[in-house]
1. Enumerate the pairs (first residue in the stretch 21-40 and assigned to a helix (DSSP H, G or I); second residue anywhere and crowded, with 23+ Cβ neighbours inside 10 Å) with beta-carbon separation below 6 Å, excluding pairs fewer than 6 apart on the same chain, so at least 6 apart or on different chains.
2. Going residue by residue through the stretch 103-112, is there one that turns out to be in contact (Cβ under 8 Å) with a residue 60 or more places away in the chain and either crowded, with 19+ Cβ neighbours inside 10 Å or part of a helix (DSSP H, G or I) (or both)?
3. What is the residue count in the stretch 273-292 for residues that are free of Cβ contacts under 8 Å to residues at least 40 places away in the same chain and over 26 Å from residue 62 (Cβ atoms)?
4. Conditions first: (1) away from the ligand (no atom under 13 Å from the Cβ); (2) more than 25 Å from residue 123 (Cβ to Cβ); (3) in contact (Cβ under 8 Å) with a residue 12 or more places away in the chain. Residue 135 passes all but one, so which condition is the exception?
5. Listed residues 234, 205; which is part of a helix (DSSP H, G or I), more than 16 Å from the chain's Cα centre (by Cα) and more than 15 Å from the ligand (Cβ to nearest atom)?
6. Does residue 202 satisfy the condition of being farther than 30 Å from residue 278 by Cα and free of Cβ contacts under 8 Å to residues at least 24 places away in the same chain?
7. So, residue 137, is that one surrounded by fewer than 21 Cβ atoms within 10 Å (Cβ to Cβ) and at pLDDT below 95 or not?
8. Can you tell me which residue in the stretch 249-291 is surrounded by the fewest Cβ atoms within 10 Å (Cβ to Cβ), limited to those that are part of a strand (DSSP E or B) and touching a helix residue (DSSP H, G or I) at 6+ places or on another chain (Cβ under 7 Å)?
Ligand code: RRO
């Protein structure tokens, strides 16, 4: 029997395994990032970096439930220079995706100018969808702002760039956003960020479970898998085929990964499951995916990627 090949490519980067961490999960400090690289993850995403370090929102700001999680971290990170330095001094065969953002558009542009001017040549992910900066809407829900930032970025940025998108819920939103994204030389999109501004209630205490923003925050985990599947599928049907897709949202099993790839994902990110289970989740889910592919007779991801069938009674 031929060995099963789980490799996948985005831009010039080859991932030997298709599972990496979602930005914001086990990736703020060098210790955490090295642990991801040493795990069975196929690569590493950094915490979304801002120009200057940030402490983030007050605690408690993350809470686990049986079906997932809520967070309002508020972009705690060590600052862009720290992540550029970590990457420059890390010797690894695994791709590292540098996530970057800012609380103002001007800061996001400045951050990308620094990356453009640096020696870093890997994948970079512009986060257009943080739901947790107090008083700041998610750019990805504003078509004009999305166009403006991409116009400004691609006026100077020539390295491989992806965008992290918020979840969309209406088919017309996919049409409108895909029409914009198709106009730019994007290497990939990442769908989806957490489902912003949900609320988890503790019925016993009769209060919310996280402190920032009156308890509102981004929802991750099992709750959001159908939304992630829909976003990956809808964008795969609308984006130019050269724009690859990272599928993120609600994965806890190899079957979930299989479903996201069936919808069109090139690789898949793990978020809440790694927060709840730890880095061993990568090896477990890789194995579950391998077993499922073997049972179905698939040898590589391309054998079933985007092959989701419509219901045909
Ligand atoms: O740091 C956060 O609060 C955060 C970010 Br930047 C994001 O993109 N998504 C999320 O759920 N939390």
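1. As it stands, the answer is 32/26; 33/27; 33/44; 36/21; 36/26; 36/44; 37/44, since those pairs meet every condition given.
2. So the first thing to find is which residues in the stretch 103-112 are in contact (Cβ under 8 Å) with a residue 60 or more places away in the chain, and the list is 111.
Of the ones still in play, those that are also either crowded, with 19+ Cβ neighbours inside 10 Å or part of a helix (DSSP H, G or I) (or both) are 111.
Yes, that holds for at least one residue.
3. First, the residues of the stretch 273-292 that are free of Cβ contacts under 8 Å to residues at least 40 places away in the same chain: 277-278, 281, 284, 287-288, 291-292.
Checking the rest, the ones that are also over 26 Å from residue 62 (Cβ atoms) come to 287, 291-292.
The qualifying residues number 3.
4. The one condition residue 135 does not meet is (3).
5. Working: 205 fails: part of a helix (DSSP H, G or I).
Just one listed residue meets the conditions, 234.
6. Working: farther than 30 Å from residue 278 by Cα: no; free of Cβ contacts under 8 Å to residues at least 24 places away in the same chain: yes.
Taking the combined requirement at face value, the residue does not satisfy it.
7. Working: surrounded by fewer than 21 Cβ atoms within 10 Å (Cβ to Cβ): yes; at pLDDT below 95: yes.
Judged against the criteria, residue 137 is a match.
8. Going through the stretch 249-291, the residues part of a strand (DSSP E or B) turn out to be 267-270.
Checking which are touching a helix residue (DSSP H, G or I) at 6+ places or on another chain (Cβ under 7 Å) leaves us with 268, 270.
Values: 268: 30, 270: 26.
Only one residue tops the list, namely 270.
The values are calculated or read from the model by the stated rules, or taken from the named source; none is laboratory data. No experiment lies behind these values; they were computed from the predicted model shown. Please note: Cβ atoms are built from the backbone with ideal geometry, for glycine as well, and neighbour counts cover all protein chains shown.
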